[in-house]
Amino acid sequence: MTGIDEQYVLSTDTRRAEAFSDGVLAIVITLLVLDLRTPSVPPGHLLEGLLAQWPAYLAYVTSYIYVAVVWLNHKAAFKRVVHVDRGLHWANLGVLFTTALLPFPTAVLSRTVLEENPTDIRTAVALYALVGALVCAAWLALFQHLSTHPILLAEGVEAEFFAKERIRAWAGIALYIVAGIIGALIAPPIALAIFLAVPAFYGLTSSGLYSMPAVARAVDDDSGER
């Protein structure tokens, strides 16, 4: 190919990758809700049965937010991409593969909390932490690929943007590892709190760490005008 290394198989159409990703993430979110079931209770005890299923509701909300944040981050990343190559396709598939695993540990965690077996709860927390860390590791691979292949990026987008995004991925990996260790060995509730905090962190920084100073300046300017 003229002007481009033959190791790259470039396409100027990112829409297929984005559409496929949107479809997979939509299915993942749909699968999450399947663990919310009608309680089997005697007549007159429906409210009691519904309230008793609170772990399933909490697990659903946590994982739903996580998948939603994955979609927001995916949208933010591909908004800065104009070409895709084989490596980016594989990195993107890695993100989708790990995210698609989320319904499994979500269901395991909610059911073990309901059964109130301490050993099983610790195992379930460790499983959820493992999958969460894998999702972050997949994002790390995607950010790494984009930071080292500036030819894929839109005009005006610096490779440094995705180099800094690796910090977010590493932070997620570290938090999930810490949560898994704490949950398995010390206190599962602390791990559950971290599981809620990680999607919140990624949601607040979905525009990228590289853009955070500009966002902060815009907020300060807006406050000064009032």
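Remarks
Listed here are the residues, each with its yes/no results for (1) surrounded by 12 or more Cβ atoms within 10 Å (Cβ to Cβ); (2) modelled with pLDDT under 65; (3) hydrophobic (A, V, I, L, M, F, W, C); (4) assigned to a helix (DSSP H, G or I).
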residue	(1), (2), (3), (4)
Leu196	yes, no, yes, yes
Pro199	yes, no, no, yes
Gly203	yes, no, no, yes
Val219	no, yes, yes, yes
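- Of the candidates Leu192, Leu175, Leu185, the single residue that is free of Cβ contacts under 8 Å to residues at least 60 places away in the same chain and more than 12 Å from the chain's Cα centre (by Cα) is Leu175.
- Glu116 vs. criteria free of Cβ contacts under 8 Å to residues at least 12 places away in the same chain and more than 17 Å from Phe201 (Cβ to Cβ): yes
- Considering the range 38-152, the qualifying helices (runs of 4 or more DSSP H), each wholly inside and each with 1 or more residues that are touching a His at 6+ places or on another chain (Cβ under 8 Å), closer than 16 Å to Ala169 by Cβ and not polar (S, T, N, Q), run over 86-100.
- In the range 131-158, the residues that are closer than 17 Å to Ala17 by Cα reach residues that are of a type in the set (S, T, N, Q) with C-beta atoms within less than 6 angstrom, at least six apart or across chains, in these pairs: Ala138/Thr98.
- His74 being in contact with a helix residue (DSSP H, G or I) (Cβ under 7 Å, 6 or more places away or on another chain) and surrounded by fewer than 19 Cβ atoms within 10 Å (Cβ to Cβ): no
The values are calculated or read from the model by the stated rules, or taken from the named source; none is laboratory data. Nothing here was measured: the structure is a model prediction, and the numbers come from that model. Glycine also receives a Cβ, built like all others from the backbone with ideal geometry; neighbour counts cover every protein chain displayed.
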